[in-house]
Amino acid sequence: MNKSRKIKITELNRHLTCFLCAGYFIDATTIIECLHSFCRTCIVPFLQKTNQCPMCDVQVHKTRPLLNIRADKTLQSLVYKLVPSLLKNEMGRRREYFASNPDARRSLPPNAREERGELGIESLFIYTDDEDISLSMEYRLPRVAPPHPPPPLADKPDNDEDKTAEESAERKRRHSNTNGTGEGELVDLRYLRCAAAVTIKHLKKFVRSKFGLDTSYQIDVFYKKSEEEALFDDYSLMDIAYIFSWRRTGPLALIYRIYEPNRKRRKISKVKSSTNLKKTISKEKSSELEKTAVVEKTSDTNSNGRPTSSYAEKSSEPPIAHTTNNVIVST
């Protein structure tokens, strides 16, 4: 997998800030003619004085420029997600304003929750770094196809009611893990509550400490509804919630798998093995020759301790050593 690169928010500020107030977009509004965006409270007073875009000077409308501007909910949602504290602070300022100005509050329609500051981060699915996220960690065995697939559940015999509960459960378990398409056998399930800034690397470290695993074991973490690709180590829980559109309807379901390290065996080439064999044979021959020389030296001494005449004194020919099955025989 390719390594992901983190982008600082400062690199995106020119796409997220208003040209008029130099702040992050609040109620982002886009001009239809040139697609330039501004804060609504900034562009409306500006267009009341002129009918041209403040950035490119294009004519918005001849007489009524406010007709050619639209609220950009998508852009505003991106700004809230990239700057998580912005929504919380803005809603707080609006509540304080309308609390001190009750007449302005009565002028708003009943369904204008966002304008009154009553909109929470839960309704827009905005997550913050300090928010606690509930998640489940399931340890499932890798999906492996069995050698002989079990019969389908529809083909059960008539006397299936007489079977024990254990046999029925085993049959269902084998059926749920056929052809490598099932989720695999559930081994361990844990429920955690972590900050949204916790990364996949932290979760892998947690798994290693719980099972006492060293770094040689590989751990892959997947989102339960999308197991095609393992999650990156630098992904935070907030990133996963945004990527897979988690809506807080239940725990953030994650699956992890543990793979044993591969024990690599050293392969000895034929040339290297034959060389080692020759060295071993030569060492055996030299040791046998040394033993034979010691035996001959001891046999040449008589009982009085005086050396007797050796074979070399009786004959001018040197002794010949015959080798038979790695045994040295002197003649």
> Roughly what would the spin-label model give for Asp130 and Arg70, points 7 Å off Cα along C-beta, in nm?
Replying inline: 3.8 nm
> Hey, can you rank 240-252, 198-210 by average C-beta count inside 10 Å, highest first?
Replying inline: 198-210, 240-252
> Under 12 Å from a point 7 Å along the Cα-to-Cβ line of Phe19: which residues of region 36-64 have their amide N that close?
Replying inline: 36-39, 43, 52-60
>> With the crude spin-label approximation of a point 7 Å out along Cα→Cβ, what separation in nm comes out for Tyr259 versus Val44?
In response: 5.7 nm
> How many angstrom separate the Cα center of region 60-90 from the Cα center of region 32-50?
Replying inline: 10 Å
> Ile133's amide H: which non-local residues (gap 5+, or another chain) put their own amide H closer than 5 Å, with H modeled 1.01 Å from N in plane and none for Pro or chain starts?
Replying inline: Cys194, Ala195, Ala196
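Quick note: the coordinates plus some simple rules give every number you see, no bench work behind them. Owing to the predicted nature of the structure, the values given are computational and were not obtained by experimental measurement. So basically every Cβ, Gly included, is an ideal-geometry build from the backbone, and we count neighbours across all protein chains shown.
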